[in-house]
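As C-alpha cells, the structure follows; a few thoughts come after it.
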Amino acid sequence: MSLLLEIRDLHVEALGEDGRWHEIVGGVSVTLERSRVLGLIGESGAGKSTLGLAALGYARRGVRLARGSIRLDGEELLGAPYERLREIRGRRVTYVAQSAAAAFNPAFRIEDQCIEAAVAHGLMDEAEARAEARRLFAKLRLPDPETFGRRYPHQVSGGQLQRAMTVMALVPRPDLVVFDEPTTALDVTTQIEVLAAIKTAIEGEDLAAIYITHDLALVVQIAHRILVLKDGRAVEEGETSEILERPRQPYTRALVHLRRRFRPERPRPAEPPLLEVRGVEAAYGAVRVLEDVDLALWRGRTVAVVGESGSGKTTLARVVTGLLPPRRGEVRLDGRPLQPSYRRRSRDDLRRIQLVYQMPDVALNPRQTVEEIVGRPLTFYFDVRGTARRRRVEELLDAVELPASFADRYPAELSGGQKQRVAIARALAAEPEVMICDEVTSALDVQVADAVLALLLELQARTGIAYLYITHDLATVKAIADEIVVMLRGRVVESGPKSEVLAPPHHPYTELLLSSVPEMETGWLDRILRRRGHRAAPVAGNAPAEAGRMP
Amino acid sequence: MHPIVALIARRLALGVLSLWAVSLLIFAGTEILPGDVAEAMLGQSATPEAVAAIRRELGLDRPAWERYLDWLAGMLRGDLGTSYANRMPVVALVGDRLANTLFLASVAAAVAVPLAILLGIVAVRWRETPVDRLLSAMTLSAISMPEFFVGYALIFLFAVTWPLASPIAAVHPGMALPDRLAAVALPVVTLAFVTVAHMMRMTRAAILNVMESPYIETAELKGLARTRIVLRHALPNALSPIINVVVINLAYLVVGVVVVEVVFVYPGLGQLMVDAVAKRDVPLVQACGMIFAATYVLLNLTADVLAILTNPRLRHPR
C-alpha cells in the first residue's frame, strides 16, 4: 500500500491575545495509507480539528502551520503557493464539518452546494456532477434522492444535512476526506445512522479518511488506526484493537474505561415519594409539548428523564420549578401540591427545588465573582452575610472539590468543568431536597463529565439529595440512575426502576435509544445494523415525530 | 397564503400607521411653531383687527382638531391646501421642486450605489492589503468632511480653477436631459462623495461579518477562488444589511440635502421648506414634512420587503 498522507513533526501556532504566537500542536506525525481510516481522538482543545485542517494545507485565521512537513502523495503542502493549495482542496482532499447546519450556505440549494467543488475544479460537467450527487444521496439513504437536493439547508433535518455534507465531500471523488466530529451535534439515534452512512460511503469509494471525534466508542466503529491527542501532542497511536485492548498510556486507559461506570440500583423506599408530577400537560402558546406526564422521585434517589431533543425533557424541568405553569395536572412536594407558578411559591418551596443548567457558560453571571454567585442564595434563603457567608462559600466550594481561592475568581477565569462545579455549588447553597440537573454534563468533555458525575454521586451519598436528571445519554443514565423515565414527543413511553426499563421487553423507542449507545468494541456498529436489518433504521433524521415511528 | 405575502401586508399596514402618526406630529409641530402667520404677513401694519381678519380668512380661528381633520381629508384627496404666503395651491408649488429633488437624488444614487457596493466588494476581496487600506483611509476622510466644504472645494477646483462645470446648478422646466445632467454634475459629485463612503464601509463590514461564517470556510476548503467566495457565498447573505444602509442613504439624498442645495443654489424641496418655515407658511411646511416622512416610510418599507425576500428561510418555508 502506498502512503497517501504523511505529516511529519508538525508544529502549529495560534496568535494569542498578547500578540504572540503560541504553539497549539507540537510536533505531531501522522501517516495514512489509501483505503484506510485514521481516528483522531482527544478532548476539545487537543488540536484535533487543527490537525485535520492541516491535511488540506489550511489553517484558520489567527493560526499558522509553523514548521514540519505535510505531504500528500509526496507533494509538500506546507508553504505551497495558495493557488496550488486551491487545486488540492475540494478536489483531492475534502472536509466534512462538525455542524452541517452552519457549514451549508443558507442561501443555496443543497445539491448546488454538493456539486460546486467538482464543477468548479472542472472534474465533471454539471449534469455528471448532479448524477453523482444523486447516486450518493441514494447510497446514504436520503429520502427522494432525485429531488432531495432541491431543498434548502433549513428545510431538512440535522441528520439529513450531515449526510448531505458527506455527499458534498464525496462528489469530487477525493483521495482523502477529513470528517471533523460529524455526529457530535446529533441525537444519539441519528448519530449511528450518520455513522453507518459514512462507513458505507467510505467503504465503496476507494478513499482514505481521517475521522475526528472525542468519543472513543464511535471512532472504534470506523477507524483502522487511532491516534490519541492531548494538549496538541500525540499521546498514543496504534491499531484500533490494540488501543482498545492494551492501552499503554494512562490517558488512553482513562478514555477506554470511562463508560464502564455503573451504579447498582437501590430498592425503592416504602415511604411516599418526595416529588410527584401528576398528569401534567404543558404548552408554549398553541404548541403542546407535554401530555399527561407522571413522575415520582424519592428522597436520596435519582430519576433519569431520557429522550431526544424536542421530547419535552427541559419543559418538564420548567414545570417542576414553576417557570412554566402547566395547563393541567400538578406538581406535589412531600404530598402537598405546589403553586403552579414560581411567583406564588413560598421562599422555602423555592429553596427546596434547585436547577442546574446544561450550559454553565451562560448560566453564571460573568460580572460576578464566584463568591457573589454562590453567596447570593445564602443571603436570599438564609440571610447569611459577611464573613459567615464567605466561610460557607468556601465550604461549598470544597464540597464541589474546588479550592477556596476560587471564591475571588470570575467565571471567565474558569474552565467548563469548573464552571459547572460552581453552578452545582450555587444550587447546593440553598440546601435543596431536589436538584434538577438539565443535561449538566453534555457540554463537557468526557473525562470532565465523568468527574462531575462522580461528584454528584458523592454529594447524594453524603446529603441524601434527590436528583431529577435530564439527559439524552444512556451511558450517563446507567451510571447514576435508580429509576428511568423515557420520553418521546412530550409523553412518557416507559418508566420504572432502572433494572426493569433496561431489561427486555422494551418499548420499541426505548429499544432504539438503548441500542444506539455506542459500545466500546469494534464490531458494535456492524452488529447493531445487522440486527436492525439496516432497513428498519430511521432514514428521516432526528425529528422526534419521525423517530417515533421507528423501528 | 404564502407567509411572505402576510408579512409584507403587515409591513404595509404598519407603514400606513406610521404615516398617520407622522401627520399628527407634523400638525402638532406646526401648531406650536412660534410666531403667527398673520403677524408675519402683515409686518409693521399688524393692527389687532387686521390680524383677526386674516386669521378668520385662513380659518385659523377654528379649533385645531377641526383643521387637522380638514387637512387630513384634503391630503387623502390629493389636495395639500393653499399657501398662506402667495395663495397658490401647495401642490403646484411643491410639484416642480419635488421633481428637481428626485432628479438630483436619482442621479446621485445611480452613481453612488453601484460604486459603493463595488468598492465594498473590492475591499473585502483584497482585505488587509494596500488596496483595502487605501479605500479605508479615503472613505474615512470623505466621511469626516462636511458636505458644504466638499461642495465649495469642488466649486473652487472645477468651476473657478479649471472651469469645467457651472458653480450654480440652475435647472428649469423644459431643460433637455444632457443639459440637466451637466448642471447637476457638481452637486451629484458632492453627494456621492459623502454617501459612497458610508455605504462602502457598511458593505465591507456586512460582507466581512458573513466571511466569518463556517460556510465560508466550507467554500474555502472546496478550493474555490476568492472572488467567487466573496461574490457567490458571502454577498448574498450580506444583502439584508447592505440594502438597509443603501436605503438610509437614499432617504438622505431626498430629505437631507438642504445644505448642498444652498451651496449650489439648486431649486429643490429642501430650500422650499426652509423658506416656508421662515415665512410661517404652514400648509407648505406641512406638505414638505409629509413628503419627506412618506419618503422615509416608503424607502424603509422597501428595505424591509427586500430584506424579507433575500431571506431563504422566509422565501422557502419548511
Would you tally the net charge around A:V167, using a Cβ to Cβ cut-off of less than 10 Å, leaving A:V167 out, and scoring K and R as +1, D and E as -1?
+2
Largest-first principal axis extents of the Cα set of segment A:259-364 (Å)
42, 32, 31
Could you pull out the longest piece of chain B with no exposed loop GluC sites (Glu not before Pro) in it, calling a site exposed if DSSP puts it outside H, G, I, E, B and it has at most 11 other Cβ atoms within 10 Å?
B:1-127
Taking every Cα atom in chain A, find the radius of gyration and the maximum pairwise distance Dmax, and write them in Å.
25.1, 75
Cα-projected label distance for B:F148 with A:R71, points at 7 Å along beta-carbon direction, nm:
7.3
How large is the convex hull of the Cα atoms of segment B:1-155 per residue, expressed in Å³ as a whole number?
229
Crossing angle, helix A:416-429 versus chain A [Cα axis fit, 0-90 degrees, rounded to tens]
10
Taking every Cα atom in segment A:28-91, find the radius of gyration and the maximum pairwise distance Dmax, and write them in Å.
12.2, 33
Expressed as a whole number, the average count of other chain Cβ atoms within 10 Å around the Cβ atoms of A:102-113 is 5
Taking only C-alpha pairs under 8 Å that are 6+ residues apart, what is the relative contact order of segment B:97-281 in percent?
35
Once you've got the Cα coordinates, tell me which of A:K230/A:K419; A:K419/A:K478; A:K48/A:K419; A:K139/A:K498; A:K199/A:K478 are over 32 Å apart.
A:K139/A:K498
What number, rounded to the nearest 500 deg cm²/dmol, is the helix-based mean residue ellipticity at 222 nm of chain A, given -39500 (n - 2.57) per DSSP H run of at least four residues and division by all its residues?
-10500 deg cm²/dmol
Segment A:1-59 and segment A:410-473: distance between their alpha carbon centers, rounded to Å:
33
From the phi of every residue in segment A:328-340, what ³J(HN,Hα) in whole Hz does the Karplus formula 6.51 cos²θ - 1.76 cosθ + 1.60 yield, where θ is phi - 60° and glycine or proline is x?
8, x, 8, 10, 10, 10, 6, x, 10, x, 8, 4, x
Using Cα pairs closer than 8 Å and at least 6 residues apart in sequence, work out the relative contact order for chain B, in percent.
28
By how many nm would the segment from B:F156 to B:A73 lengthen if fully extended, with 0.36 nm per residue of separation less the alpha-carbon distance?
25.0 nm
Just to check, using Stokes-Einstein with a Kirkwood Rh over alpha carbon pairs, what's the diffusion coefficient of segment B:97-281 at 37 °C and 0.692 mPa s in µm²/s?
183
If each Cα of chain B is one equal point scatterer, what is log10 of I(q)/I(0) from the Debye formula at q = 0.06, 0.12 Å⁻¹?
-0.29, -0.97
Sequence-distant or interchain residues sharing an amide H contact under 5 Å with A:V177, placed H: which?
A:T94, A:A208, A:A209, A:I210
What is the set of long-range amide H partners of A:L10 at a cut-off below 5 Å, with H atoms built 1.01 Å from backbone N?
A:G27, A:V28, A:S29, A:S69
So, in Å, what gap is there between the alpha-carbon centers of segment B:288-307 and segment A:389-408?
59
Ratio of segment A:50-152's C-alpha Rg to 2.2 N^0.38 Å, to two decimals?
1.24
Can you give the net charge of the other residues whose Cβ lies under 13 Å from the Cβ of A:T240, counting K and R as +1 and D and E as -1?
-3
Per DSSP helix of 4 or more residues, -39500 (n - 2.57); summed, then divided by the residues of chain B. What does that give at 222 nm, rounded to the nearest 500?
-24000 deg cm²/dmol
What does the extension gain come out to for A:E330 and A:E239, with contour length at 0.36 nm per residue minus their alpha carbon separation?
27.2 nm
Can you tell me the FRET efficiency between A:Y410 and A:E17 if r is taken as the Cβ-Cβ distance and R0 is 22 Å, rounded to the nearest 0.05?
0.90
In degrees, nearest 10, the alpha-carbon axis of helix A:386-399 is tilted away from the dominant principal axis of the alpha carbons of chain A by 50
Cα→Cβ-extended label distance, 7 Å offset, between B:W20 and B:R226, nm
5.4
Identify the GluC sites (Glu not before Pro) of segment A:1-51 meeting these criteria: DSSP loop state and at most 13 other C-beta atoms within 10 Å of the C-beta.
A:E17
Which angle from 0 to 90°, rounded to the nearest 10, does the C-alpha axis of helix A:370-382 make with the longest principal axis of chain A?
30
Peptide-level mean, for A:88-94, of C-beta atoms on other protein chains within 10 Å
3
Compute the signed sum of charges (Lys and Arg +1, Asp and Glu -1) over the other residues within less than 10 Å, Cβ to Cβ, of B:V171.
-1
State, as an integer percentage, the relative contact order of chain A based on alpha-carbon contacts under 8 Å between residues 6 or more apart.
16
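Since every read-out is calculated from the coordinates, none of them should be taken as a lab result. Every value quoted in this text rests on a predicted model; they were computed, and no experiment measured them. Here the Cβ is made from the backbone with ideal geometry for all residues, glycine too, and neighbour counts use every protein chain on show.
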